[in-house]
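Colleague: One structure coming up, written as structure tokens, with questions to follow.
Every number in this text was worked out from the coordinates using simple rules, so none of it is lab data. Since we're looking at a predicted model, the values are computed, not measured. Here the Cβ positions follow ideal geometry from the backbone for every residue, glycine too, while neighbour counts run over all protein chains shown.
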């Protein structure tokens, strides 16, 4: 239901937006069309009647003068002119202008009014019209309404020593009022019908276009819904070929990342359960031993000899030490895994650290009848790292080597400078590790025994791996069954700035 509502809402918004744009575009189109049509009509009318004023002068003023002998306007002549003009075209208004542009006479004006004689027509448009012989579209003043501009025809004359202009307005007041009422109705009908038809046609095309253009978006929404419903393997096919390729590929990558994270969480949960089971087992065993011997000491303390009592106490002490080591390892590993340990890196001599570790492990090796060897270059340069963490890593590797080396075997430490790094290798002559198990030994609670993998308290190598990760390094293993094992890692040589 949510998917349907979302898609319908989006589709409706897109369609409404599209139709709104078309509606305002249609209104704008009608207004622009009206304006351009109006101007086109005026320009055409003016071009057709461009020589009308000159023809009037040539015809009417050849035998008669616009002024009488006393310099007054020949009103009878202009009455005949206006009568003839209006018989041909009622839209025409004829004006007689003096050489300064003042209105001298016109039939359409009330010359008894106080403002009639004061009306003056701007001569600049008239001069340009005459100069260009009516070929340009020019608007002039309207004598009846000085605030308006009208199309006109004009020509100059000189008769009986008097100069002036015949100024003919080609679209008079009566014409404009009639035309306005007609054209308003025309454009209303045009607009109503045009907009209605445009919107209907555009609505159909718009809906189809939006439906087609949102096809890829619907596919992505569908894929998201499938993923939400539990189909974690569903992906958008040919994502790179879609119109919304970036969004589609981002969805696929996001889905892959989520699935990968889910797998990691499942793996961590499985390891958590294994860890709890292994901790329970490893804690239970020494605790059971300690509890059993303590109970025996408590019950039989009067019957035990000093030697038996000492053996029991030694066993209890060994169990306590084992518990302490296990708890320390668990605590150390948990801090490393939670990134609670921040390495404090500094330059130090790895050879001095190796000598100290070699000296400390001599006694332990001798107790197991193991020969402890050391090989290093005395000119080995300073390395850069956290000395305490590196020491811990080497100690864990040494503990692991001694643990799996049989009596009479050999454990060695080797330090070699190589290509800007110093390589530290810990070798033993133990049973070795099967190739298929080498990738497992660095997991927590994994141990090898005679080449086989078994569950146990194996946190030492896991701690080493975490320490190497803090140093942006890796721990490597080279081993063959019956031929021993070599663990190695590298530390960068300290560069003086």
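Colleague: Rounded to the nearest 0.05, what FRET efficiency do residue 64 and residue 197 have when you use their Cβ-Cβ distance and R0 = 60 Å?
Modeller: E(calc), rounded to 0.05, equals 0.55.
Colleague: Also, quick follow-up: Mean separation of Cα pairs under 8 Å and 6+ residues apart, divided by the residue count of the stretch 273-337: what relative contact order is that in percent?
Modeller: Averaging sequence separation for qualifying contacts and normalising by length gives 39 percent for the stretch 273-337.
Colleague: Would you mind calculating the gained length between residue 43 and residue 98 on full extension (0.36 nm times residue separation, minus the Cα-Cα distance), in nm to one decimal?
Modeller: 17.2 nm
Colleague: Here is a further query. Label the stretch 50-169 by shape, choosing from rounded, prolate and oblate, from the square roots a ≥ b ≥ c of the eigenvalues of the Cα gyration tensor; if a/c is under 1.5 it is rounded, and otherwise prolate applies when a/b is larger than b/c, oblate when it is not.
Modeller: The shape class here is rounded.
Colleague: Under a plain spin-label model, where a point goes 7 Å from the Cα along Cα-to-Cβ, how far apart in nm are residue 435 and residue 233?
Modeller: It is 3.1 nm.
Colleague: Along the Cα→Cβ direction, 7 angstrom out, place labels at residue 310 and residue 368. What is the inter-label distance in nm?
Modeller: 2.6
Colleague: For an R0 of 45 angstrom, estimate the FRET efficiency from the Cβ-Cβ distance between residue 407 and residue 256 and round to the nearest 0.05.
Modeller: 0.30
Colleague: In addition: For 414, 241, 159, what's the fewest-to-most ordering of other Cβ within 10 Å of each Cβ?
Modeller: 241, 159, 414
Colleague: At a Förster distance of 60 Å, what's the computed FRET efficiency of residue 477 paired with residue 19, Cβ-Cβ distance as r, to 0.05?
Modeller: 0.30
Colleague: Below 8 Å, C-alpha to C-alpha, sequence gap of six or more: please give me the relative contact order for the stretch 346-492 in percent.
Modeller: Relative contact order here is 24 percent.
Colleague: Give me 33, 257, 429 ranked fewest to most by other Cβ atoms within 10 Å of their Cβ, as a rough exposure proxy.
Modeller: Ordered from fewest to most neighbouring Cβ atoms within 10 Å, 33, 257, 429 come out as 257, 33, 429.
Colleague: Determine the shape class of the stretch 273-337: with a ≥ b ≥ c the square roots of the Cα gyration tensor eigenvalues, call it rounded for a/c under 1.5, and otherwise prolate if a/b is greater than b/c, oblate otherwise.
Modeller: It comes out prolate by the Cα gyration axes.
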